[in-house]
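All remarks here apply to the structure that follows.
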Amino acid sequence: MGIFSFIKKKEKPQLSPKQTIKRIIEYMPKIYEEHRQFKNSKEFFEQNEFGLSLESLVELADETGHYFSEEFWDQLANSARKMKMDKIAEYCDNQSKRNITELGFKIPFGWTEIKSAENVFQANISEKLKKEWNSKRRVKDKVDKLLNKNGVHLKSRGRGGHIYYVENGKLAEFEWELEVGGIRLWFESESKWCLPTESELKKEDKKRIKNSIVEWAKQKKEIIKFD
C-alpha cells in the first residue's frame, strides 16, 4: 500500500421517480402553493400519476418564468429518463444549463430566484428547508438547555445571532445583527412561540417580552434597537 490512502466518496443514493417528485414537492417554496400547476402536480402524485406530476412541475417553472435550482432540473431529468420521457428529460437538461448561462451562480435546492431587474434577484426559500436550518441552529445554540431557564438569553455567531426568550418552558426567538452603536433586533416580524410547539405570540405576549428584553439590555449595558 502507498503512503496515501484514498477514501471513495459516498455516492448519493439513487431515488426513484416517486421519491424524487415527493422530495421536490416537499421542498417547494411557499410562494407556489396556490399555483395551479403545483396543485396539479400534488394531485397527480397522490393518484400515482408520476409522469403527469413531473410534467406539472416543469409547467410550473415555465409559467412562472422563475429560475429553479439546477438540482430541481437534474433530478426531474433523471426521473423523466427512468420513465422513458426522453423529450422532457432533454428539456430539463437544457433548463439546468440555462441557469448557468444566464445567472452565473448556482441556486441551492429548495430555492428559486425571481429576476426583477438586471442583476437583481429575489430569493424564495422552502419552509421545510428553513425549519431544518432552525433545528440545526438550535442544536448548536444548545436551546434545549435553556428551556428551564426563564428569561432572556443571547447567542452570538459573529456579527449576528439570536435572542431566545423563555417563559415557563415556552420559547420565542428573535434574530439580531450588529450595527454601529448597538444591536438591531428583528422583533416585530416574529409571530409565534417556537417551542415546545408552535403557537401564537399574542399582543400582550410581545409587549411582555419586549419589556423583559429592554430590562435585560439595561442590566447588560447593551444598546438594542427594535425594528
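Read-outs throughout are calculated quantities, based only on the coordinates presented, and are distinct from any laboratory measurement. Every value quoted in this text rests on a predicted model; they were computed, and no experiment measured them. Here the Cβ positions follow ideal geometry from the backbone for every residue, glycine too, while neighbour counts run over all protein chains shown.
Condition first: within 14 Å of the chain's Cα centre (by Cα) and either hydroxyl-bearing (Ser, Thr, Tyr) or in a helix (DSSP H, G or I) (or both). Now tell me which residues in the stretch 19-31 satisfy that. Let's see the steps before the verdict.
Residues of the stretch 19-31 within 14 Å of the chain's Cα centre (by Cα): 23-31.
Passing the criteria: ARG23, ILE24, ILE25, GLU26, TYR27, LYS30, ILE31.
I'd like to verify a number: residues in the stretch 137-182 that are within 14 Å of CYS194 (Cα to Cα), surrounded by fewer than 18 Cβ atoms within 10 Å (Cβ to Cβ) and basic (Lys, Arg), how many?
So the answer is 2.
Mind checking whether some residue in the stretch 173-191 is touching a strand residue (DSSP E or B) at 6+ places or on another chain (Cβ under 8 Å) and of a type in the set (Val, Ile, Thr)?
yes
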